[in-house]
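Take a look at the structure set out below.
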Amino acid sequence: MIMIMLFSMISGRCIHSVLVGLLCLVIASAICCSSVGSSSILCMENERHALLQFKQSIVDESNVLASWGSKKDCCTWRGIACNNQTGHVMTLNLSYNSSDDYISAEAPLRGEIDPSLLELRNLNYLDLSFNDFGGMIPKFFGSLSQLKELKLAYANFDGSVPPKIGNLSNLHTLDLSGNYFIPLENLEWLSHLSSLRSLNMSEVDLSKIVNWPQSLSKLTSLMELQLSDCSLPDFNIRSNSVVKNSSTSLQVLDLFYNNLNSSIFYWIANVSSNFIHIGLQGNQLQGPIPDVFKSMLSLASLDLSINQLEGGIPKSFQNLCSLESLTLRSNQLSENIENSIKNLSCAENTLETLDLITCFGGRCQIWHLNGSLPESVGQLSSLEVLSLAQNSLSGVITEAHFLKLSRLQSLAISNNHFSINLSSDWNPPFQLYLLDMSSCKVGPAFPKWILTQTNLAFLYLSNAGIFGSLPDKCWDLFSGIFRLDLSMNQIHGKLPNLSTTSLVFVNLSSNLLSGTLPSFSPMLNGLYLSNNMISGPLSSLCATQIPHLEYVDISENLLSGELPNCWMQFKLLRVLNLGMNKLTGKIPSMLGNLKVISILNLHGNKFSGELPSFENCTELAVVDLGDNNFSGKIPTWIGQSLINLVILRLRANEFNGIIPLTLCRLAIIHFLDLSHNNISGGLPHCLNNISVLADDSVGVNGLSVELVWKGIEIEFGENLEGMRGIDISSNYLVGEIPESITRLTNLISLNLSRNNLTGKLPENFGNMQKLESLDLSRNQISGHIPTSFSSLHFLGVLDLSNNQLSGRIPVSTQLQTFNATKYMGNPGLCGPPLSPNCPGDEATEDDHNKEREHDNDGLISLGFFISTVLGFITGFWIVCGSLLLKSSWRYAYFKFLDNAKDWIYVRAVVYKAKLQRRLQR
């Protein structure tokens, strides 16, 4: 017992000491480990030095790499990640969009990439995307043997891709998309990347790689392949059997915007059956959709849009039970939609997007997808997007079509022949983000069920047959909408204050809205109120700061007063159309500070005074100031500064002076209209410098303007591309039409009528063979119509009346088809269709005949004399010589004469006796 007690006492003290010792040991160990751990996360000195050397070679205008060098531990530097145990740099991520704060940087990195990166021997992730390095990809990248991911997208590299990239055997992700490499000659270097799982070479020119399927067949681990917009050449599947079953692991395939035909379908079917996503939009796919997808049971997304596919959705799609998104927009499908929807029955619980719309890039075309929308659409319970716009669908849309569409967010059925029959008290099962029922029969009243859609951001009900005033609650709903289009209806009422809304785009054109302009949302980008009855001044447009406003069209209203002087706040304004109103006064000079404006239309008002300078508005493409009271000379700066002008329309004003020669610098002008002014002087001899009228080198898109074309005012939009015209009619021009004008070989319309032009028409007028309309009437032009006019085969409008032309109208397939009034008023002009013959045609013919007869008499007298003499001598010696030399002939001849004499005598006696007997009776 004593021993035990002693041991217990000793043990107690020892245990206490031991515990204290252990505690100290744990603390010391923790401090030691902390110290060791702290030192282990510090990057290696050689790697730190390599990174700083790399930084020195880079131009960093925005100081993105400010943290590099400010701290000793490079593992804490921006874009750097290290191994927690070894401290080696593993990641270098300097992608321009790698973080939100980097996106806000003023400029991306640029400069040369220093080979010092070779010191980062353990680097397995390198991302330099979206910078501006330029030059070739450094060859030493092929020596970074531990790399697993190499991302160089949109980094402005050019030249060729170093084949040494193929040495990176550990690489599983390679992104070279969006650079400016020269067309690659081969892809053999890819075959060594046996571990590659993701390859993105989109926007890299592969047009010379005719064997690209064989090259890719060696990448047996590939799961994701993106070769979009690579100009991939087409191929025939029959000659590429080598690619069969080459990559059963491939799941994601993007080949959109290439030159592939329908053979690609069969290549895809042979490559893999494990696809999750396939993108083939924007190729040359034709014919019906083949049955190549039936075994792709995992397919979730299929995009075949912007091709020339025909027919409908094939029956094989009944196997695609995992399908979530099907996009077939902009094709030529013609099947009954009910059959197509039926073939998607297996995906009714998974299909989220069904896009059969045909609009792309702002342009739409009508499909022939027909029939009525089946009510079975309402059973697609997972559907989030339904796009059927721009088809030939018809029938009535009822609540049954939306029965189970509780997840529907986007509904686009515009430009069909649908009649919307939804009860006013209907409570939809969905909350839409986008609703487009334009050109469907929605009205006459504004649908009340739309007021339940509190999540709406986009509402399009253009040309929907809506009449009357809108409910007050509509404007409460609209306050949260971004884009609103109620144009081409019959909506009455006044616009409320819109300054507190979220509206970015408003189109209420072609309605019956009245009252004055309200204040608008400060977020507004586009405002379209044309063809209404809005009156009053424009001052409310200035009431709210609208810094993002780009498009304003309030034409064809009743606006009055002068233009406000607040245009400096609209620095982004691109389109200003205030035409056909009652605006007055002078144009404020501040309007000339809109540096990005491209369309300025003030026609059909009562503006006066001289034009302010628009020299700073160098982006102007359309200037229409016609039908006003502007005065003064046409400014020379128009031709000096507005070199992008496509339309210049100054007609029906009071401009005077001569046409400035600087207008000849408007090299891409399509239509020049200076008509109905007080312009004097002669036509410039330099008009042939307008290159777009002399050749087809320049095009124009996206503009719309009203022009007087062939005597009729017509609005031209997309077809403005083909318009080429000059109209300087109804002025006081003098002098001759310059020969240089005949070099405008693309000119389609020329109107110089109602001036004081003199002289003769240029002989080479027929060089302008594309002319469809020519009016030179009411001038003092003299001389004949050049025979080259016969080459003007496309003339549909011609007027040469009331000049001093003379001579015969040239004969051609066109000139004789015009009414005679188009040639009248030219005293010396003649010939069809003006007259059958020219004056003096008959007299000239008689004189010609007499002269010919006189010439013939002289010839006959001389000929007759010579022939008679020669004939007599020849005949005499032939007959008489023969009789003298041949006695038998002489005997026969005289015997013939005796017999002939006797026969004549007998016949005369008999005839005399018969005659006497008849007389005696």
Open item on the list: Out of everything in segment 548-577 that is among the charged types (D, E, K, R) and assigned to a loop (DSSP other than H, G, I, E, B), what residue ends up being nearest to residue 492 (Cα to Cα)?
Closed with: 556
Open item on the list: When the residues of segment 177-197 are narrowed to those that are over 29 Å from the mean Cα position of the chain (by Cα) and not in a loop (DSSP other than H, G, I, E, B), which ends up surrounded by the fewest Cβ atoms within 10 Å (Cβ to Cβ)?
Closed with: 188
- [ ] Within segment 200-212, identify whether any single residue is within 17 Å of residue 251 (Cβ to Cβ), of a type outside the set (Phe, Trp, Tyr), in contact with an Asp or Glu (Cβ under 8 Å, 6 or more places away or on another chain) and not in a loop (DSSP other than H, G, I, E, B), and answer yes or no.
- [x] yes
Open item on the list: For the structure I just gave you, tell me whether residue 628 is under 15 Å from residue 645 (Cα atoms), at pLDDT 95 or above and surrounded by 22 or more Cβ atoms within 10 Å (Cβ to Cβ).
Closed with: no
Open item on the list: When you check residue 430 against the structure, is it out of contact with any Pro (no Cβ under 7 Å at 6 or more places or on another chain) and assigned to a strand (DSSP E or B), yes or no?
Closed with: no
Task: Elements of type strands (runs of 3 or more DSSP E) in segment 477-547, at least 1 residues being crowded, with 20+ Cβ neighbours inside 10 Å and modelled with pLDDT of 90 or more - done: 483-485, 505-507, 526-528, 533-536
TODO: Return a yes/no flag: does segment 702-724 have any residue that is at pLDDT 90 or above, assigned by TED's automatic domain parsing to the domain that holds residue 666 and closer than 30 Å to residue 603 by Cβ.
DONE: no
- [ ] Please go through segment 197-224 and pick out each residue that is at pLDDT below 95, in contact with a helix residue (DSSP H, G or I) (Cβ under 8 Å, 6 or more places away or on another chain) and not hydroxyl-bearing (Ser, Thr, Tyr).
- [x] 206, 209, 213, 214, 216, 218, 219, 222
Open item on the list: Looking at segment 556-572 only, could you name the residues that are within 28 Å of the chain's Cα centre (by Cα) and buried (at least 22 other Cβ atoms within 10 Å of the Cβ)?
Closed with: 570
Open item on the list: Please determine whether any residue of segment 209-223 is within 38 Å of the chain's Cα centre (by Cα), charged (D, E, K, R) and under 27 Å from residue 256 (Cα atoms).
Closed with: no
Task: Close pairs (9 angstrom Cβ cut-off, 6 or more residues apart or separate chains): closer than 15 Å to residue 483 by Cβ in segment 516-530, of a type in the set (Lys, Arg) and surrounded by 21 or more Cβ atoms within 10 Å (Cβ to Cβ) anywhere - done: none
TODO: Only one of these is surrounded by 20 or more Cβ atoms within 10 Å (Cβ to Cβ) and farther than 24 Å from residue 311 by Cβ: 397, 413, 420. Name it.
DONE: 397
Open item on the list: Against the condition surrounded by 13 or more Cβ atoms within 10 Å (Cβ to Cβ), more than 30 Å from residue 153 (Cβ to Cβ) and modelled with pLDDT under 80, how does residue 17 come out, does it pass?
Closed with: no
- [ ] Would you tally the residues in segment 788-808 being over 40 Å from the mean Cα position of the chain (by Cα) and within 19 Å of residue 750 (Cβ to Cβ)?
- [x] 4
TODO: Answer yes or no as to whether residue 675 is assigned by TED's automatic domain parsing to the domain that holds residue 568, modelled with pLDDT of 95 or more, touching a strand residue (DSSP E or B) at 6+ places or on another chain (Cβ under 6 Å) and assigned to a loop (DSSP other than H, G, I, E, B).
DONE: yes
- [ ] Tally the residues that are part of a strand (DSSP E or B) and not aromatic (Phe, Trp, Tyr), restricting the search to segment 621-662.
- [x] 14
Task: Matching residues, segment 51-77, being under 20 Å from residue 121 (Cα atoms), in contact with a strand residue (DSSP E or B) (Cβ under 7 Å, 6 or more places away or on another chain) and surrounded by fewer than 19 Cβ atoms within 10 Å (Cβ to Cβ) - done: 52, 55, 57
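The values are calculated or read from the model by the stated rules, or taken from the named source; none is laboratory data. The structure presented is a predicted model; accordingly, all values stated were derived computationally and were not measured. Here the Cβ is made from the backbone with ideal geometry for all residues, glycine too, and neighbour counts use every protein chain on show.
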